[in-house]
1. To the nearest 20 debye, what is the magnitude of the charge dipole of the chain about its Cα centre, counting +1 on the Cβ of each Lys and Arg and -1 on the Cβ of each Asp and Glu?
2. Nearest 500 deg cm²/dmol is fine: what mean residue ellipticity at 222 nm does the chain get from its DSSP H runs of n ≥ 4 alone, each adding -39,500 (n - 2.57), divided by its residue count?
3. Any idea which of 130, 114, 207 is furthest toward the positive side of the dipole for region 106-230, if Lys and Arg beta-carbons carry +1 and Asp and Glu beta-carbons -1?
4. Could you tell me the distance between the Cα centroids of region 95-147 and region 1-20, to the nearest Å?
5. Please work through the chain and write down the cysteines that have no neighbouring cysteine Cβ at a distance under 4.7 Å.
6. Using a Cα-Cα cut-off of under 29 Å, which lysines could be cross-linked to residue 69, ignoring same-chain neighbours fewer than 8 residues away?
7. Give the longest segment of the chain that steers clear of trypsin sites (Lys or Arg not before Pro) in DSSP loops with at most 16 neighbouring Cβ atoms within 10 Å, not counting the sites themselves.
8. What are the ³J(HN,Hα) values, in whole Hz, obtained from phi via the Karplus relation 6.51 cos²θ - 1.76 cosθ + 1.60 with θ = phi - 60°, for each residue of region 96-108 in sequence order, with x given for Gly and Pro?
Amino acid sequence: MIRLSERLKTAAELINPGSVIADIGCDHAYLSVYALQKGLAEFCYCLDINEGPLKRAEKNIAEYGLSDKTEFVLSDGFEKMPEGKADTAVILGMGGGLIQRIISNAPSAVLEQIDSLILGPQSELAFFRQFLFDNAFTVKDEKLIFEEGKFYYILDVIKGKEEKQYKDFELCYGRVSFIKGNENISLLLGKELKETNSILAGKEALPAERYEELIRKRDMIKRAGSAYEI
């Protein structure tokens with residue numbers, strides 16, 4: 001059994017058993033290998049925009065004897081994904097803006113068949129959660145991982161409009177119902193509060209607009225801490 005990082009394993013465990021996966025930006029295809037070994041996937045389409053990662057993925061898949069359960073596709077996002085094949089998409093290790101573009105540019109015939117999206121935006125989180133809300137996607141669950149000095153969110157997303165709007169701090173840090181009780185949220189908020197206070201300590205050098213922005217951010221972090229019961 002292949003060994004995964006906590007981040008990849010957390011994402012893989014959100015896959016519904018027996019799925020057909022589109023692993024977008026598959027890189028080494030470690031997640032696809034794990035999903036096939038565990039029976040989380042019946043078949044994997046490994047897609048990448050660059051030939052190098054795709055060749056590495058093909059080599060790794062072959063080494064684990066899983067070539068008959070995979071197909072490799074040189075593709076910008078979903079562009080060359082065969083229609084009507086995958087029911088689950090996994091997109092990890094990219095900025096929120098890039099994942100938004102990949103979803104927005106997906107051929108409708110491909111996206112229509114996707115029931116579940118496992119997403120790992122590494123930046124622009126507030127912007128990305130709002131994009132999902134505005135485009136009739138529901139975040140079913142979120143995981144917050146701390147690994148090798150960095151924080152990672154993994155979002156389990158399905159189609160369907162959410163009724164409840166996000167609070168401002170939830171756009172940045174996740175729904176209270178998902179994140180409350182996660183020990184890593186206290187670490188993340190503590191880090192961000194420390195960084196914000198450090199910048200505010202030099203307020204004499206800050207433009208007035210930037211100073212007010214940081215004051216608002218500090219207040220939001222404190223409200224988030226109360227909501228998550230830290």
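1. Values: 30 positive and 37 negative charges, 128 e Å.
That gives a dipole near 620 debye.
2. Values: 10 runs with 100 residues, N = 230.
It lands at -13000 deg cm²/dmol.
3. 207
4. Using only Cα atoms to place each centre, the spacing works out to 18 Å.
5. Within the chain, the cysteines lacking a partner Cβ under 4.7 Å are 44, 172.
6. Candidates past the 8-residue exclusion: 9, 38, 55, 59, 80, 85, 140, 143, 159.
7. On the way: sites that count: 3, 80, 85, 161, 164, 167, 180.
Counting only loop sites that pass the neighbour cut-off, the longest clear stretch is 4-79.
8. Once rounded to whole Hz, the list reads x, x, 5, 5, 4, 4, 4, 5, 5, 8, 5, x, 4.
Values quoted throughout were computed directly from the atomic coordinates according to the rules given, and no laboratory measurement underlies them. What you are looking at is a predicted structure, and each value in this text was computed from that prediction instead of being measured. Using ideal geometry, Cβ is built from the backbone for each residue, glycine included, and neighbour counts are taken over all protein chains shown.
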